[in-house]
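The values are calculated or read from the model by the stated rules, or taken from the named source; none is laboratory data. All values derive from a computational prediction rather than experimental measurement. Here the Cβ positions follow ideal geometry from the backbone for every residue, glycine too, while neighbour counts run over all protein chains shown. To get the accessible areas, we keep the full protein, side chains included, count just its heavy atoms, and leave off ligands, DNA and RNA. Shrake-Rupley method; radii C 1.70, N 1.55, O 1.52, S 1.80 Å.
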Amino acid sequence: MSALNSPSEYALSHVRKLHAYTPGFQPKGTGWVKLNTNENPYPPSPMVDEALKEAMGDALRLYPDPRSMALREAAANLHGLSPDQLIFGNGSDDLLNLLVRAFACEKAAGYLMPSYSLYPVLCGIQNSGVVELPFDRSMELPIDELIELDARILFITSPNAPTGVGFSNEELAKVIEGFDGIVVVDEAYADFAKETAVDLLSRFPNLVVTRTFSKSYGLAGLRLGYAMADPSVVDILDRVRDSYNVNRLTQAGGLAALRDQSYLKAVVGKVKRTRDFYRAEWEALGWFCYPSQSNFLFVEPRNASGETGPEVAQGLFEYFKQRKILVRYFPSSPLTASFLRISVGDEDQMLHVSETISKWLKNA
Ligand code: PMP
């Protein structure tokens, strides 16, 4: 030990250089309008509460089902798949991690910029190479360039984050068909979208679709997600996961949520209506807003003098924060620096946001 300045120097050299993922700010105290991490403003199905109470108590002495079979069966039923096409994890982040663990490293992982900023972090942990392909301002899928990427696994977020733009199955099929490797379509926001790549699974054995309970089901705190793929890919992922990667309470709560599809539809319907209302309202102010198929809006604010740009976006971000409204600002790329990502809240929260925008415009 004496030759080292700190025991951290025993860590692998690539790990010493890592930067941890930066999650959205989690405020302490009350009174915040929290629209910065795309959580659901509505509570989960009341069935979840009941199922969790039932799962408490003596049964917690026992390990959970290592394969989360009840969940695999219920989700297979929901999507018209067979249970051997499904695997569950501790949030969809767990599945994304398993995918990088199993398919990246010797050869790079590819993804688009901007998209979910966890992909490079997972690749860094795994010491995998990365190939990043930038979008242009249209935020449309660069199909030909994606097919040509020198990578073994490709991550496509659809609908994309932070833009909310969804890609059609027709576009995705071209990429999946042409790309020599695994294509992961990260469908964290698919319940708010027009189409799902699940319909492509029967055509493409190299396709993996991931889902989460954190958004549409309102269960970010429970940590549950799943992947759907060819049984041979699920088998590979099963070999690299933690043995008990979904705890007993989460399995019980998640199953109850999955079974209550009418509740899910009602909540998703409310969020979509609110989203479309506010997109139209902000467009009426002359603000550009990408067409969103998710539960958030990526909007380019324009100040009272008609200006847009990073200073305007950051100015509104700070103005919101001083008034306890949290949204997300991504200053690091010119494609995102003039925008704010605002998660769709409930009607009261959105009214408050809207009134705050009116005040900001008047005070300028
Ligand atoms: N994929 C995308 C695109 C996301 O935005 C998020 C949530 N930030 C996730 C995956 C992670 O979801 P989970 O909470 O299930 O880990």
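General remarks:
- Region 86-131 - residue that is charged (D, E, K, R) and away from the ligand (no atom under 16 Å from the Cβ) and, of those, surrounded by the most Cβ atoms within 10 Å (Cβ to Cβ): LYS107
- Tabulated pairs, region 8-32, first more than 29 Å from TYR319 (Cα to Cα) and in contact (Cβ under 8 Å) with a residue 40 or more places away in the chain, second open to solvent by less than 70 Å² (accessible area, probe 1.4 Å) and more than 16 Å from the ligand (Cβ to nearest atom), C-beta under 7 angstrom, 6+ apart or interchain: LEU18/GLY124
- Residue that is over 20 Å from LYS321 (Cα atoms) and in contact (Cβ under 8 Å) with a residue 24 or more places away in the chain, where the choices are GLU54, GLU39: GLU54
- The listed residues are GLN349, GLN314, and the only one of them that is in contact with a Pro (Cβ under 8 Å, 6 or more places away or on another chain), under 30 Å from VAL48 (Cβ atoms) and not hydrophobic (A, V, I, L, M, F, W, C) turns out to be GLN349.
- Residue that is assigned by TED's automatic domain parsing to the domain that holds ASP230 and assigned to a loop (DSSP other than H, G, I, E, B), where the choices are ALA151, ALA102: ALA151
- In the set VAL184, VAL209, only one residue is free of Cβ contacts under 8 Å to residues at least 40 places away in the same chain, within 16 Å of the ligand (Cβ to nearest atom) and in a strand (DSSP E or B); that residue is VAL209.
- In region 70-85, residue least open to solvent (accessible area, probe 1.4 Å) [restricted to those that are among the small types (Gly, Ala, Ser) and farther than 23 Å from GLU39 by Cα]: ALA76
- Test result for ARG67, in contact (Cβ under 8 Å) with a residue 12 or more places away in the chain, closer than 30 Å to ALA161 by Cα and open to solvent by 90 Å² or more (accessible area, probe 1.4 Å): yes
- Residues in region 106-129 that are under 21 Å from PRO331 (Cβ atoms) and of a type in the set (Val, Ile, Thr): VAL121 alone.
- Positions within region 212-234 being without any contact (Cβ under 8 Å) to a residue 40 or more places away in the chain and more than 14 Å from the ligand (Cβ to nearest atom), in sequence order: SER232
- Residue satisfying condition, being among the polar types (S, T, N, Q) and under 20 Å from ALA161 (Cβ atoms), within set SER354, SER305, SER333, SER358: SER333
- First in region 154-169 and within 9 Å of the ligand (Cβ to nearest atom), second anywhere and among the basic types (Lys, Arg) and open to solvent by 10 Å² or more (accessible area, probe 1.4 Å), Cβ under 9 Å, 6 or more apart: ALA161/ARG341; PRO162/ARG328; PRO162/ARG341
- Positions within region 249-276 being in contact (Cβ under 8 Å) with a residue 60 or more places away in the chain and open to solvent by 70 Å² or more (accessible area, probe 1.4 Å), in sequence order: ARG259, LYS270
- Of all residues in region 71-80, none are over 25 Å from the mean Cα position of the chain (by Cα), of a type in the set (D, E, K, R) and more than 16 Å from the ligand (Cβ to nearest atom).
- GLU171 meets the stated requirement of being assigned by TED's automatic domain parsing to the domain that holds VAL233 and more than 27 Å from VAL267 (Cβ to Cβ).
- Evaluation of GLU170 against the conditions (1) in a loop (DSSP other than H, G, I, E, B); (2) open to solvent by 40 Å² or more (accessible area, probe 1.4 Å) shows that the sole unmet condition is (1).
- Residue match in region 120-136 (condition: among the charged types (D, E, K, R), more than 19 Å from LEU18 (Cα to Cα) and outside any helix (DSSP H, G or I)): yes
- For region 11-32, the tally of residues that are surrounded by 10 or more Cβ atoms within 10 Å (Cβ to Cβ) and not in a loop (DSSP other than H, G, I, E, B) stands at 3.
- Here VAL198 passes the criteria (1) touching a His at 6+ places or on another chain (Cβ under 6 Å); (2) free of Cβ contacts under 8 Å to residues at least 40 places away in the same chain except the one numbered (2).
- Positions within region 191-211 being open to solvent by less than 10 Å² (accessible area, probe 1.4 Å) and closer than 21 Å to ALA266 by Cα, in sequence order: PHE192
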